[in-house]
Amino acid sequence: MTTLRVTLACGPYDRTEALRTGAVRPEGIDLVYVPIQSPPEIFARMITNRAFDASEMSCAHALIHRGQGDFPFVAIPVFPSRMFRHGYIFVNTTSGIRAPKDLEGKRIGVPEYSQTAAVWIRGLLQHEYDVSLETIQWYAG
């Protein structure tokens, strides 16, 4: 039986550690695991240069590029970095913000507006807490 050589670029996650170390070997595949610390670097190298056979890709980036017609990939819904984002909204303790609705009219910073975590958080705020996103000033960087 011939094996298929596949390069896989992925961030350093506990969920993929067994693939990285070789403790788990996919049957029929010669997996070359390419660990890259920065997921945005993985996304850029994959989108720009098609640098790997497979890689992780943020849901938001995949949808944006697919919408722009620049996505010659097959997306599968397997996300190595998955978690509830409810506990990842941090506020200044002197801001007077006590509930999600108090974020209306405020300034919120995110690493990237299109970052999947930021997309999920906007969805949470709007759909679970009825926060009007249009009233918020968003800062990326």
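Test each condition in (1) touching a helix residue (DSSP H, G or I) at 6+ places or on another chain (Cβ under 8 Å); (2) touching a residue at least 60 places away in the same chain (Cβ under 8 Å) for GLU56 and report the one that comes out false.
(2)
Within region 81-131, track down each residue that is under 21 Å from the mean Cα position of the chain (by Cα) and basic (Lys, Arg).
The answer is ARG82, ARG85, ARG122.
Within region 1-15, how many residues are closer than 19 Å to GLU27 by Cα and outside any helix (DSSP H, G or I)?
Summing the residues that are closer than 19 Å to GLU27 by Cα and outside any helix (DSSP H, G or I) in region 1-15 gives 9.
Whether any residue in region 114-128 is at pLDDT 90 or above, of a type outside the set (D, E, K, R), loosely packed, with under 14 Cβ neighbours inside 10 Å and not in a helix (DSSP H, G or I) is what I want to check.
No: region 114-128 contains no residue that is at pLDDT 90 or above, of a type outside the set (D, E, K, R), loosely packed, with under 14 Cβ neighbours inside 10 Å and not in a helix (DSSP H, G or I).
Counting just the residues of region 46-61 that are modelled with pLDDT under 90 and small (Gly, Ala, Ser), which one comes out nearest to GLY11 (Cα to Cα)?
Looking at the filtered set, the residue picked out is SER58.
Yes/no matrix, rows are residues, columns are (1) out of contact with any His (no Cβ under 9 Å at 6 or more places or on another chain); (2) β-branched (Val, Ile, Thr); (3) surrounded by 13 or more Cβ atoms within 10 Å (Cβ to Cβ); (4) not assigned by TED's automatic domain parsing to the domain that holds LEU124:
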{"site": "PHE43", "(1), (2), (3), (4)": "no, no, yes, yes"}
{"site": "SER55", "(1), (2), (3), (4)": "yes, no, yes, yes"}
{"site": "CYS59", "(1), (2), (3), (4)": "yes, no, yes, yes"}
{"site": "PHE73", "(1), (2), (3), (4)": "no, no, yes, yes"}
{"site": "PRO80", "(1), (2), (3), (4)": "yes, no, yes, yes"}
{"site": "THR94", "(1), (2), (3), (4)": "yes, yes, no, no"}
{"site": "GLU104", "(1), (2), (3), (4)": "yes, no, yes, no"}
{"site": "ILE108", "(1), (2), (3), (4)": "yes, yes, yes, no"}
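For region 79-92, how many residues meet the condition of being within 21 Å of ASP14 (Cα to Cα) and at pLDDT 85 or above?
Count: 0.
Just the residues that are part of a loop (DSSP other than H, G, I, E, B), touching a Leu at 6+ places or on another chain (Cβ under 9 Å) and touching a residue at least 24 places away in the same chain (Cβ under 8 Å), please, taken from region 81-102.
Once the filter is applied, which keeps residues that are part of a loop (DSSP other than H, G, I, E, B), touching a Leu at 6+ places or on another chain (Cβ under 9 Å) and touching a residue at least 24 places away in the same chain (Cβ under 8 Å), region 81-102 yields ARG85, ILE89.
Counting only residues that are β-branched (Val, Ile, Thr), more than 16 Å from PRO80 (Cα to Cα) and part of a strand (DSSP E or B), how many does region 18-61 have?
2
Which one is modelled with the lowest pLDDT among residues in region 130-141 that are on the phi < 0 side of the Ramachandran plot and exposed (fewer than 13 other Cβ atoms within 10 Å of the Cβ)?
Filtering region 130-141 for residues on the phi < 0 side of the Ramachandran plot gives 131-140.
Those still in the list that are exposed (fewer than 13 other Cβ atoms within 10 Å of the Cβ) too: 132, 134-135, 137-140.
On the way: SER132: 98, GLU134: 97, THR135: 98, GLN137: 96, TRP138: 94, TYR139: 95, ALA140: 91.
Checked region 130-141; the qualifying residue modelled with the lowest pLDDT is ALA140.
For residues in region 13-34 being under 18 Å from the mean Cα position of the chain (by Cα) and surrounded by 14 or more Cβ atoms within 10 Å (Cβ to Cβ), which is modelled with the highest pLDDT?
Here the residue is VAL34.
If I filter region 64-80 for residues that are in contact (Cβ under 8 Å) with a residue 40 or more places away in the chain and under 16 Å from the mean Cα position of the chain (by Cα), do I get at least one hit?
Within region 64-80 (the criterion being in contact (Cβ under 8 Å) with a residue 40 or more places away in the chain and under 16 Å from the mean Cα position of the chain (by Cα)), the answer is yes, since at least one residue qualifies.
The values are calculated or read from the model by the stated rules, or taken from the named source; none is laboratory data. All values reported here derive from a predicted model rather than from experimental measurement. Virtual Cβ from ideal backbone geometry, glycine too; neighbours counted across all protein chains shown.
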